[in-house]
Amino acid sequence: MRPKTLRFRMMMLFTTVVGVLLAGSYLAFWVLLAHEIPTQLNRQLLETARPLIADIVTEPNAQDIKRLDIPGEFFELIDSTGQVLQQSKNLATPIDLRGINPAVSRPTFDMAAIGNDQSVRVALVPFQQGSRMRVLVVGISTLGTNGVMNSFGRVALLLLPLSLLLTAGISAFYVGRSLAPVTALTKHAALMAQRVTSPQGFGTPLPVSSPYDELGRLAETFNQLLQGVDSAVRQLRQFVTDASHELRTPIAILHGETELLLSKPRTAEEYKKTLHLLDDEFKKLTRILEGLFTLSMADAGQLHLLSEPLYINEVLEETCALVDSRARNKNISIVRKLNQEIAYSGDEAFLHQLFLIFLDNAIKYSPEQTAVLVSLTQQDDLIHASFQDQGIGIASEHQASIFERFYRAAPSAAGETHSGGLGLAIAQAIARAQGGFIECESTVGVGSTFTVILPMVKTNGTHLGNQHEQKLMLG
C-alpha cells in the first residue's frame, strides 16, 4: 500500500469517526433540549397557576383574571364545556385550544394558539369552585424557546461541516507526521532491498528515530532481521564459492583422467591404476557432499541425533582401529589412554565420525616417526576426549577461524597448508548437537591438541556450546 493511500484512508477514517461522534452529540443535545424546554415550561405554568387558583377559590366573585396583563403570559377561566368565564387583558380573542378537551380531571399540557396563530404552551388545571368544576388555562409564549431551538439547529448545521473540515485538516497533519517515519523506513528498506545482491550487502541499517516507541522497536527488529539475513547471504555466497572450489578439483581430475584413458588403448594395468584413481576422487566427492548435507541439516536445526546407551571408550577404541593402517603407513603410532570405562547416551555413528575427523587430521598433518596421543577422562559431569599430535601446529592468528567451512590457514614455515576443509566444521556441528563443545590448543612446530568435551547427561539443546563457543587456548 502506498503511503499517500494509507494517509488518505487514515484521515478519512478519523474524520468519519469524529463526524459521527459530533453528529451524534449534536443530535443527543438537541433531543435533550427539545425534551427539557417543554418540561421547564410545564413546571413554570403550574407554579403560575397555583396562586391564581387559590385566589379564585377564596374569592369566587372577584374578577382577578380580567385584571391580569403580563407580557408573554395569557390566562383564561373556563368551565368544563369550554365556555370562557374570564380572560386576561392581553387576550383579544379566546385561546384556541385546537381540540383539547376542557373536561380534564388533572393538569394537562399541550400546544395552543392565540391571535394570528401565535404558538403558546398551555396548561389546563382543573379545580373545584364550590360545587362547580372550573379549569384555569395558563399559556406562555414559545417564541423564545422556538428561537433557541432554531438557533441551535442553525449553529449545529454550521459547526458540523466546519468541525469536519478542521478535523480533516488536523488529522491530515498528524497522520502525515505520524507516517513520516514509516515513509522513511519504507524508502530505506527499498534501497536495502536493491542492494541485497550487491557484494556490499544491505549497507546502512534502518534509521531508528526513537528506540522507545513502536516504530523505533519495529526498526530495531528489522535491523536485527536484516543483519541475520545479510550474514546468512554472505555465508551462503562464501559457502557456494568455497564449495564450488572444493568440488572443481576432483571433478577436473576425473575429467582429465577419463579423457586420458579414452585417448588411446591402454593395458589392463593402466586401466586398473586409472580406475583406482577415479575411485579415490569419487570417494572425495562423496565425503564433500555428505559433509555439505550434514552441515546444511545442522544449519536448519534438523540434525537429529539418536540417544542410545553406549560406552564412549569403546567407540573411541573402534575409531582408532579404523585409522591404524593409515598411521602405520606414515610410521605414526597411536597411543591410547582409554582405560576408564565411561557410559554415555548418544549417537554412535556421529560419535565415530566426530572422533575420526580429529584422528584423520592428526595423521595428515603429523610427520613420520611421531605419535598421536588419544586420551579419555571424566571430570565432574564432563567427558574429555583429547587428540594430541606432534604435527605442524596452527598459528595463533588462525585458531579462531579453523572451525569455519573451507578455511585455509596460511602456509607454515614448513611450506604446508593447514586446511580445515569441512571436517572441523562438521565436528563442531556434531559436538554442539550432542550438547558439547571443542577446545583447541596448538603451537606452531610443536603440535596441536583438540579436546571434545561432552556432558555426562545429554542436555536439551546446546547450552554448553553456547557457554563455550570455541575455547581456544593459545600455546
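The values are calculated or read from the model by the stated rules, or taken from the named source; none is laboratory data. Just so it is clear, the model here is predicted, and its values are computed rather than measured. FYI the Cβ positions are ideal-geometry reconstructions off the backbone, even for glycines, and counts take in every protein chain you see. Side chains are part of the model used for accessible areas, which takes the heavy atoms of the whole protein and leaves out ligands, DNA and RNA. Shrake-Rupley method; radii C 1.70, N 1.55, O 1.52, S 1.80 Å.
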Apart from one, (1) modelled with pLDDT of 80 or more; (2) farther than 28 Å from LEU33 by Cβ all hold for LEU157; the odd one out is (2)
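Quick check on HIS276: is it at negative phi and modelled with pLDDT under 80? Working first, answer last.
Numbers: at negative phi: yes; modelled with pLDDT under 80: no.
So HIS276 does not fit the description; no.
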Considering only the stretch 317-335, state which residues are under 19 Å from LYS364 (Cβ atoms) and either free of Cβ contacts under 8 Å to residues at least 12 places away in the same chain or within 55 Å of the chain's Cα centre (by Cα) (or both). THR319, CYS320, ALA321, LEU322, VAL323, ASP324, SER325, ARG328, ASN329
Within the stretch 243-290, residues open to solvent by 100 Å² or more (accessible area, probe 1.4 Å) and of a type in the set (Phe, Trp, Tyr) come out as PHE282
Of all residues in the stretch 432-453, which are crowded, with 22+ Cβ neighbours inside 10 Å and in a helix (DSSP H, G or I)? ALA433
Total residues in the stretch 307-322, condition at pLDDT 90 or above and open to solvent by less than 80 Å² (accessible area, probe 1.4 Å): 9
For THR58: the one exception among (1) open to solvent by 50 Å² or more (accessible area, probe 1.4 Å); (2) without any contact (Cβ under 8 Å) to a residue 12 or more places away in the chain; (3) within 60 Å of the chain's Cα centre (by Cα): (3)
Is it the case that some residue within the stretch 372-386 is surrounded by 14 or more Cβ atoms within 10 Å (Cβ to Cβ) and not in a strand (DSSP E or B)? no
Let me spell it out: the conditions are (1) out of contact with any strand residue (DSSP E or B) (no Cβ under 7 Å at 6 or more places or on another chain); (2) in a strand (DSSP E or B); (3) among the charged types (D, E, K, R), and ASP360 meets all of them except one. Which number is the exception? (2)
